[in-house]
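Please read the structure below before turning to the comments.
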Amino acid sequence: MSDQTPVLECRNLSISYYTRAGEIPAVVDFNLKLMPGESHGIVGESGCGKSTVALAIMQYMGKNGAIVGGELLFEGRDMRSMSPDELRKLRGSKIAMVYQEPMASLNPAMRIGDQLCEVPIYHDGVSEREAWQRSAEMLAKVRLPDPERIMNSFPHQISGGQQQRVVIAMALLSSPKLLLLDEPTTALDVTVEAGIVELIRDIADEFGTSMIYISHNLGLILETCDRLTVMYSGEAVEVGDIHDVFDEMRHPYTRGLFGSIPLPGADKNEHPLVAIPGQLPLPHERPKGCNFGPRCTFFRQGVCDTGRLRMHSVPGDDDHRVRCERFQEIDWERDLPKGEAKPPVESGDVVLSVDDMTKHYVIEESGFLIFGGEEKTVKANEHLNFSAREAETVAIVGESGCGKSTFAKVLMGLEDATAGQVKLGNVELGNLPVEKRDEKTISRLQMVFQNPFDTLNPSHTVGGQIARVIRKFGVAKTKEEVDEIVFRLLDIVKLPRDFAKRRPRQLSGGQKQRVGIARAFAGNPDVVIADEPVSALDVSVQAAVTDLLMDIQRENRTTLLFISHDLSVVRYLADRVVVMYLGQIMEQGTTEEIFSPPYHPYTEALLAAVPIADTSIEKRHIVLKGELPSPSNPPKGCPFSTRCQYMMPGKCDVEAPPIRAFGREGHEILCHLDPTELQEMEPVIKKKEEAA
Amino acid sequence: MAVSESIAAPGLVERLSAPKPAITLLLLMWVPLTIYVMFGAHQFVLLPAIPATILLYWVAFYNFRESSTAIIGLTLVFFWLLMAVSAPYLPLVDPNKPIAPFTLPFSEKRDIFFWLGTDFKGRDMLSRMIWGCQRVIVWGVTATFVAYVIGTLFGLIAGYLSGWWDEIISFLANVLLSFPVMVLFIVILNYLGPSGFNIVVAVTFASAPAIMRIVRGLTLDIKTRDYVYAAQTRGEHPFYIMVIELLPNVRGPIIVDACLRLGYTTVAITTLTFLGLGLQPPDPDWGLMIREAAKTAMLWKFSYMLLVPALSVSTLILGFNLMADGLREMSLKD
């Protein structure tokens, strides 16, 4: 391997952006050596410079960015000295890139076939017919069913997962030497993601393409890459073979990252997550010396804050390099970060009960003038049955389109239930829109929203928005009292008190989400619905926000309905789990019951799809075929029958499945499979030793 | 600028840029001018407006110093604003007094030097030009403002409440938009009679539907944000959500559009006066000046009578448009 020319080599690469405030170093001293057929992962939180590296490799920095130092060699040739013409030839043919948003990477006004054909016509100068031929073959290779149909469709006519496959096919069409993948699955659902990840893994074997895989998800990197660079604040802090870095991490930041993601075994009571304190420094406010210094528990004055740090090789492993002055002094086995164990919370009486709740939307397909308006029913929620107790965390899990947001809307009174009951205490909510609810009922039920950038009104101060809730729900009347409560709430969510006067744009995503939590708890609610409250946040911030939510819940004995698609977070914090698919509950039970057999086949696939950043874990691979059916035209019989690997023709696709009950605590599975068959399922996640 | 900055205490301009002082300055300038022009109050009311205008120009200059486009626009607009508020205090001849007909610019007659000459009745062009800007500015801005209040209100209602509200409001807006603007103006003013207040009514009818559409579009986008859901789930009244949650966030694009629309309104008012449908003689007004000059300015020698008011209107409109461009430029930078 060593006598081959690396496909790509970055030597001491430094990249800066020029803004009104002056030069901002985005990436400093970046080294990377990529051998043919190798895939290299770059991991880091937002703002650490990982996308900048990708853009620099494409030499596509925009007007205000530039490589200010170092060398960038592609197959041994210096890319920095190439002419724009040479670069244009290189991009898209030798180097290809796949972006995060598939819809934004495809031209919505062109048929997919025409877009694909451009690549071979432009780069290889082949005839249109041959280009078409090649494109169709490539679509088949990325495992898209019926390539001819897809070639003739427009991008909006196919699903997100299919779009991303088309983008990957487009990137592969010119048989590139190097493929850059910038968060290619972040915008997709987990089960779709699993399919794309499998495809990416196979590409390396099949085409011998070298890959750079950029992601914030350590689990995905473990599944796809050979080597790994961990970046922090514009610097690579740890580089090495993926197993070395995962098993013997030698940088405090890497370890902090691992400490803050919920791996199997983490538990909110016994092994809480450990968040990295503080936040990422802004590029022009980086500290002297180690960028991670101010957040590091091993920081020592005089060692860590003197001048630039260099990369050191880990003794006994030349390939494993780390940017830390003290890594040899730290006892990596003993000084493992450990969260404080907390006593489990006893759940109380049932607070919220959902009884056979159904929500249908009627959509009128507009006909010509007054004629022929065909009515269509979208079954968003079908016969939901579950309950939540005081101080309990119930997770509602499912992919997009499963009806979890509709359920939240019915609960909050923004939509009416079509049938069935939703009871909060003894108040029936199903047909009580929010205007008709009294203040008491409204204040008992509050919500934490998903998108931190949307959750606060940009025009009002943070304090003002929290104060409004306090006044609205009559918690306090006078200005002094209200201010006092606002300050107390800010203390609880661990934000400085002077944030009350700030506007949302001066806050980071995690801070905004904390304010959102403070706002939700301002009216002393009994039930809080958290709709993916951490999914838009960075990993290290996620842990802090999750723990905050749990602490406040513990303190106030609030019932938490946690809506999420992320099973690792759910496993960590939920007491009970409800798995939804196409508006129906497929399985519900305690967290333990959900995460071990018997599984519903959908739960099984979901579990298998979640990437886990732990080398000691072995996982079965199940990739769901097909696409999520439209809720306006759901399959007959079992909604999951079209994608289920246990599908029994003549039964599952005809009859609605029965509810099978297991155990004593209400573990229910909606499936045609025989209870004994379900019982005999193998666990999806196993420790490696057990498997051996 | 350099002089005033060195005199002022450091940070004064920043302090004046805060919302409250800036709005106070704006009101100090605007309210006296409006009272003076609309209700013919004594010229004393304009005294506080003169320093307020100068301070406001300074504040605006400071805040828009990064966009040269905006600075040029501001300077043009504030030139006319300053002329408007200080007209009674400037050493000018009575604009309505006939002195010496057909005096050419830069010439002396009856011991008075006429910078811009006199018109066919012998009235001083310079004086008429300066006095004439008052009515155009006051009625133009008032009409635009009223159109915005009404358009924004209906836009918020149509966008936020949607359903039948939207159907009805959008239908009415479409009906109004289907008339050519001038036809609408002529119909309304013929019916109501020519006066300043009726111009406001006419401009409102012509502009509010377009404004309503802009606001409706912005509202449709913003109302799906989580903070609006948060307010809904708190059980807030729809009116509260519209005014407190939505309105501040549609402000940005509206202000840019308002600057452009000020330009259109100025054109409209001048055109109406030119057609004899707007403000009535003898008080000086640019549209009126153009109308009166139209006959005599056929002769090349007397074309200044037409050029002076025409260029005045152009500079004011150019000022508004450049300001709009500058504002948009600034909003894109952040």
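The values are calculated or read from the model by the stated rules, or taken from the named source; none is laboratory data. These numbers were taken from a predicted model, which means no experiment stands behind them. All Cβ positions, even for glycine, are placed from backbone atoms using ideal geometry, and neighbour counts span all protein chains on display. We work out accessible area using only protein heavy atoms, side chains counted, and drop any ligands, DNA or RNA first. Shrake-Rupley method; radii C 1.70, N 1.55, O 1.52, S 1.80 Å.
How big, on average over all directions, is the shadow cast by the Cα convex hull of the range B:200-334, in nm²?
With the hull built on Cα positions only, its mean projection is 11.1 nm².
Using only the alpha-carbon atoms of the range B:116-268 as identical scatterers, what base-10 log of I(q)/I(0) does the Debye formula give at q = 0.09, 0.13, 0.17 Å⁻¹?
-0.38, -0.68, -0.98
Hey, got the average number of other protein chain Cβ atoms within 10 angstrom for residues in A:189-198?
The shielding value for this peptide is 0.
Assuming a ≥ b ≥ c are the square roots of the Cα gyration tensor eigenvalues, decide whether the range A:392-476 counts as rounded (a/c under 1.5), prolate (otherwise, with a/b larger than b/c) or oblate.
Note, shape of the range A:392-476 comes out oblate.
Taking a threshold of 20 Å on the Cα-Cα distance, which of the pairs A:LYS409/B:LYS223; A:LYS379/A:LYS404; A:LYS440/A:LYS472; A:LYS342/A:LYS440; A:LYS141/A:LYS686; A:LYS359/A:LYS409 fall above it?
Violating the 20 Å limit, Cα to Cα: A:LYS342/A:LYS440; A:LYS141/A:LYS686.
Which of the aspartates and glutamates could a cross-linker span from A:LYS501 if the Cα-Cα distance has to be under 17 Å and same-chain partners fewer than 8 positions apart are dropped?
A:GLU480, A:GLU481, A:ASP483, A:GLU484, A:ASP491
If R0 is 25 Å, what FRET efficiency do you get for B:SER86 and B:ILE255 from their C-beta distance, rounded to 0.05?
With a Förster radius of 25 Å, E is 0.40.
Between Rg and the Kirkwood Rh of the range B:141-206, both from Cα atoms, what is the Rg to Rh ratio?
That ratio equals 1.03.
List the aspartates and glutamates whose Cα lies under 15 Å from the Cα of B:LYS295, skipping any in the same chain that are fewer than 8 positions away.
The reachable aspartates and glutamates, counting only those whose Cα sits under 15 Å from B:LYS295, are B:ASP119.
If you wrap a convex hull around the Cα atoms of the range A:1-152, how much volume per residue is inside, in Å³?
Dividing the Cα hull volume of the range A:1-152 by its residues yields 162 Å³.
Suppose the Debye formula is applied to equal point scatterers at every Cα of chain B; what is log10 I(q)/I(0) at q = 0.08, 0.10, 0.14 Å⁻¹?
-0.45, -0.68, -1.21
Please give the charge dipole size of chain A, origin at the Cα centre, charges +1 on K and R Cβ atoms and -1 on D and E Cβ atoms. Round to the nearest 20 debye.
So the dipole magnitude of chain A works out to roughly 2280 debye.
With r as the distance between the Cβ atoms of B:ARG15 and A:ASP331 and R0 = 41 Å, compute the FRET efficiency 1/(1 + (r/R0)^6) and round to 0.05.
Efficiency for this residue pair is about 0.15.
What value, in deg cm²/dmol to 500, does the helix sum -39500 (n - 2.57) over DSSP H runs of n ≥ 4 give at 222 nm once divided by the residues of chain A?
About -8500 deg cm²/dmol.
Calculate the FRET efficiency for A:PHE487 and A:THR186 from the Cβ-Cβ distance with a Förster distance of 51 Å, rounded to the nearest 0.05.
0.90
Sorted by accessible area (1.4 Å probe), largest first, how do A:ARG80, A:ARG488, B:ARG234, A:ARG250 line up?
Listed by decreasing accessible area, they come as A:ARG488, A:ARG80, A:ARG250, B:ARG234.
What translational diffusion coefficient, to the nearest whole µm²/s, does the range A:481-590 have by Stokes-Einstein, given a Kirkwood radius computed over alpha-carbon pairs, a temperature of 20 °C and 1.002 mPa s viscosity?
142 µm²/s
So if I take the alpha carbon set of the range A:372-436, get Rg, then get Rh from the Kirkwood formula, what is the Rg over Rh ratio?
Ratio of gyration radius to Kirkwood radius: 1.01.
For the range A:578-692, state the average projected area of the convex hull of the C-alpha atoms over all orientations, rounded to one decimal in nm².
Mean shadow area of the hull around the Cα atoms is 7.8 nm².
Please average, across the residues of A:448-454, the number of beta carbons from any other chain that are within 10 Å of each residue's own beta carbon, and give a whole number.
For this peptide, the per-residue mean of nearby foreign Cβ atoms is 3.
Taking all pairs of distinct Cα atoms, average 1/r, flip it, and tell me the Kirkwood hydrodynamic radius of the range A:4-82 in Å to one decimal place.
For the range A:4-82, the Kirkwood estimate is 13.1 Å.
How big is the Cα convex hull of the protein assembly as shown in projection, averaged over all directions, in nm²?
Its Cα hull, projected and averaged over all orientations, spans 52.4 nm².
Can you return the lysines within cross-link range of B:LYS301? Criterion is Cα-Cα under 25 Å, with same-chain partners fewer than 8 residues away left out.
Answer for B:LYS301, where 25 Å is the Cα cut-off: B:LYS97, B:LYS109, B:LYS121, listed by chain and number.
Helix-only mean residue ellipticity at 222 nm, chain B, DSSP H runs n ≥ 4 weighted -39,500 (n - 2.57), per residue, nearest 500. What is it?
Taking each H run of at least 4 residues, the total per residue is -24000 deg cm²/dmol.
Cβ neighbours within 10 Å, averaged per peptide: list B:169-178, A:217-226 in order, most packed at the top.
Packing proxy ranking, top to bottom: A:217-226, B:169-178.
Across peptide B:221-232, how many C-beta atoms of other chains are within 10 Å of each residue C-beta, on average?
If you average over the peptide's residues, the count of other-chain Cβ atoms is 6.
May I have the extent of the alpha carbons of the range A:521-654 along their three principal axes, as whole Å values ordered from largest to smallest?
Computed over the range A:521-654, the largest-to-smallest principal extents equal 52, 38, 26 Å.
Could you check how much of the accessible area of the protein assembly as shown is carbon and sulfur, as a whole percent, using a 1.4 Å probe?
57 percent
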